[in-house]
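In what follows, a structure is listed as structure tokens, so that the remarks can point back to it.
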Amino acid sequence: MNTTPVANRLHIGIFGKRNAGKSSFINALTGQSVSIVSPVAGTTTDPVGKAMEIHGIGPVYIYDTAGIDDTGELGEKRVSRTRAVMGKINLAVVVTTAEDFDDRDRALLDELRDRGARAILVFNKIDVKPLDDDVAAGLEKDKIPFVAVSCLTGENIGAAREHMIELAKNLEAERSTIVGDIIGHGELVLLVVPIDLGAPKGRLILPQVQVIRDILDNDAVALVVKEREIEYILSSLKTPPGLVICDSQVVLKVAGDLPEGTKLTTFSILFSRLKGDLARFVEGVKAIDTLHDGDRVLICEACTHHPVPDDIGRVKIPRWVKLYTGKDITFDVHAGPILDREISDYKLIIHCGGCMINRAEMMGRIRATDEKQIPITNYGIAISHVHGVLSKALSPFPYEQSLLEEVHERPGP
Ligand SMILES: Nc1nc2c(ncn2[C@@H]2O[C@H](COP(=O)(O)OP(=O)(O)OP(=O)(O)O)[C@@H](O)[C@H]2O)c(=O)[nH]1
Ligand SMILES: [Mg+2]
């Protein structure tokens, strides 16, 4: 793995009406012919994401999108794809021209900001028509960052880049560290990684690789074992590890093997802190204890995959939750953005770890559940809970651990 993972790159999106020069702006900004440019409105049809380095910003994932004003049946499909991209964006550029600037651009800007992105307005084609002073004054008054450029002549492209660098400051695609705030220098961290049939051939999975890298970045020591070797390794160490991180699926065994007082957590808990909202997921998991016969639970996957026979989301979690609660619960599976689905009927949403999506998108999914006040948690937290070891697995996080103290006894049948 020799490139920055997509989810760790700052996600930049270029939005605007057809023919505004969105594709031209990407090409001018990057100095490369990334996107096709043409005078035909509707040239860019699907949102295309590309990993690249932008000088001064660093590794980014940049999306060119279809015009937001596209019409007709096909056009509407394109617009909905553009909207799906909006939820992933950290830094948004709305491209317009002095001639065409109107309320739709303002609405687009507002929508992007509402979804948590920082946004800048770029007036393109100033070689044709410069920006009116009163429009500029209005934007300044509303504190909307803007810049006027020409992608044709290259005028002010440098200034646009500077503005974007300024906006990107302190804007991290993700938290900067996974474990840096819970481990000490030189501390030994024991990672427990099951190598079962579901493990990919010849490599570790991305979250495991990222945690190992983060431990090294923080001048600590990573020791990686399979769950069968825990007892052996613990007995050979002079002092117990400062922290143990395991896969959720073996959390019960690992929790049992560890000496009293050893801090334990799971990859899943670490990543829900990184990408989502750990406290929110811990609050959400409590809903499992109040499920009744006939209740519905939605299993939500970030991306579509071929379900394997003992699929974690489709088979194992439903089985464990039913066993734990003793209730007759119906599970539905949904892959893709939560916004696309009616969720009012569900008592709980259990989301996957979301290793392939970035923080902006996960937070968007969490926000989608806010309005309807539906509890949301994730696979790993639900697994630790139904195995009765969640409190132990939250030992490095006293605040989130304290939220569990309010779990009440399950009401009788
Ligand atoms: N005069 C002038 N023309 C420009 C400028 N930037 C882009 N154009 C032209 O505007 C037209 C549309 O440019 P694109 O970059 O394809 O625009 P787009 O927003 O990606 O368009 P769609 O993908 O169709 O939505 C092309 O003919 C470009 O050559 C500019 O700064 N000045
Ligand atoms: Mg285009």
Taking segment 20-34 as the region of interest, how many residues are surrounded by fewer than 21 Cβ atoms within 10 Å (Cβ to Cβ) and either more than 11 Å from ligand 1 (Cβ to nearest atom) or in a loop (DSSP other than H, G, I, E, B) (or both)? 5
Which residue is farthest from A84 (Cα to Cα), if the candidates are limited to segment 318-365 and must be of a type in the set (D, E) and touching a Gly at 6+ places or on another chain (Cβ under 9 Å)? D328
Taking the condition open to solvent by less than 30 Å² (accessible area, probe 1.4 Å), of a type outside the set (S, T, Y), over 27 Å from A51 (Cβ atoms) and not assigned by TED's automatic domain parsing to the domain that holds T262, does V333 pass? no
Tally time: how many residues in segment 261-318 are of a type in the set (S, T, N, Q), within 23 Å of G364 (Cβ to Cβ) and out of contact with any strand residue (DSSP E or B) (no Cβ under 6 Å at 6 or more places or on another chain)? 1
From (1) over 29 Å from G13 (Cα atoms); (2) surrounded by fewer than 19 Cβ atoms within 10 Å (Cβ to Cβ), pick out the condition that doesn't hold for V297. (2)
Residues that are under 27 Å from the mean Cα position of the chain (by Cα), aliphatic (A, V, I, L, M) and open to solvent by 30 Å² or more (accessible area, probe 1.4 Å), drawn from segment 223-251: V224
Count of segment 188-209 residues which are part of a helix (DSSP H, G or I) and open to solvent by less than 30 Å² (accessible area, probe 1.4 Å): 2
Taking segment 122-142 and the residues there that are open to solvent by less than 70 Å² (accessible area, probe 1.4 Å) and within 16 Å of ligand 1 (Cβ to nearest atom), the one that is farthest from the chain's Cα centre (by Cα) would be K129
Residue check, I157 open to solvent by less than 40 Å² (accessible area, probe 1.4 Å), out of contact with any strand residue (DSSP E or B) (no Cβ under 6 Å at 6 or more places or on another chain) and assigned by TED's automatic domain parsing to the domain that holds I54: yes
Being over 30 Å from M363 (Cα atoms), outside the structural domain of Y399 (by TED's automatic domain parsing) and not in a helix (DSSP H, G or I) is the requirement here; does L234 meet it? no
For segment 82-120: of the residues being touching a Pro at 6+ places or on another chain (Cβ under 8 Å) and within 12 Å of ligand 1 (Cβ to nearest atom), which is modelled with the highest pLDDT? A98
What tally of residues in segment 65-78 results from selecting those that are in contact with a helix residue (DSSP H, G or I) (Cβ under 9 Å, 6 or more places away or on another chain) and either small (G, A, S) or more than 19 Å from A107 (Cα to Cα) (or both)? 2
Evaluate segment 73-89: report whether one residue or more is among the hydroxyl-bearing types (S, T, Y) and open to solvent by 50 Å² or more (accessible area, probe 1.4 Å). yes
Pairs needed: first member in segment 318-335, without any contact (Cβ under 8 Å) to a residue 40 or more places away in the chain and among the hydroxyl-bearing types (S, T, Y); second member anywhere, surrounded by 13 or more Cβ atoms within 10 Å (Cβ to Cβ) and not in a helix (DSSP H, G or I); C-beta distance under 9 Å; at least 6 residues apart or different chains. T330/D295; T330/R296; T330/V297
Kindly check whether there is at least one residue in segment 49-66 that is away from ligand 2 (no atom under 14 Å from the Cβ), under 21 Å from the mean Cα position of the chain (by Cα) and polar (S, T, N, Q). no
Filter result (closer than 23 Å to L404 by Cβ and acidic (D, E)) within segment 290-315: D295
Only residues that are more than 14 Å from ligand 1 (Cβ to nearest atom), open to solvent by 30 Å² or more (accessible area, probe 1.4 Å) and either part of a helix (DSSP H, G or I) or touching a residue at least 12 places away in the same chain (Cβ under 8 Å) (or both): list them for segment 51-71, please. A51, H55, G56, I57, P59, Y61
Answer yes if at least one residue in segment 70-81 is at pLDDT 85 or above, more than 15 Å from D46 (Cβ to Cβ), touching a Lys or Arg at 6+ places or on another chain (Cβ under 9 Å) and assigned by TED's automatic domain parsing to the domain that holds F15, and no otherwise. no
Just one of (1) within 16 Å of ligand 2 (Cβ to nearest atom); (2) over 26 Å from R365 (Cα atoms) trips up A159, so point out which. (1)
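The values are calculated or read from the model by the stated rules, or taken from the named source; none is laboratory data. Here the structure is a predicted model, which is why all the values come from computation and not from measurement. A quick note on method: Cβ atoms are made from the backbone with ideal geometry, for glycine too, and the neighbour counts reach across all protein chains shown. Ligands, DNA and RNA are stripped out before the accessible areas are found, and what is left, the full protein with its side chains, is counted by its heavy atoms. Shrake-Rupley method; radii C 1.70, N 1.55, O 1.52, S 1.80 Å.
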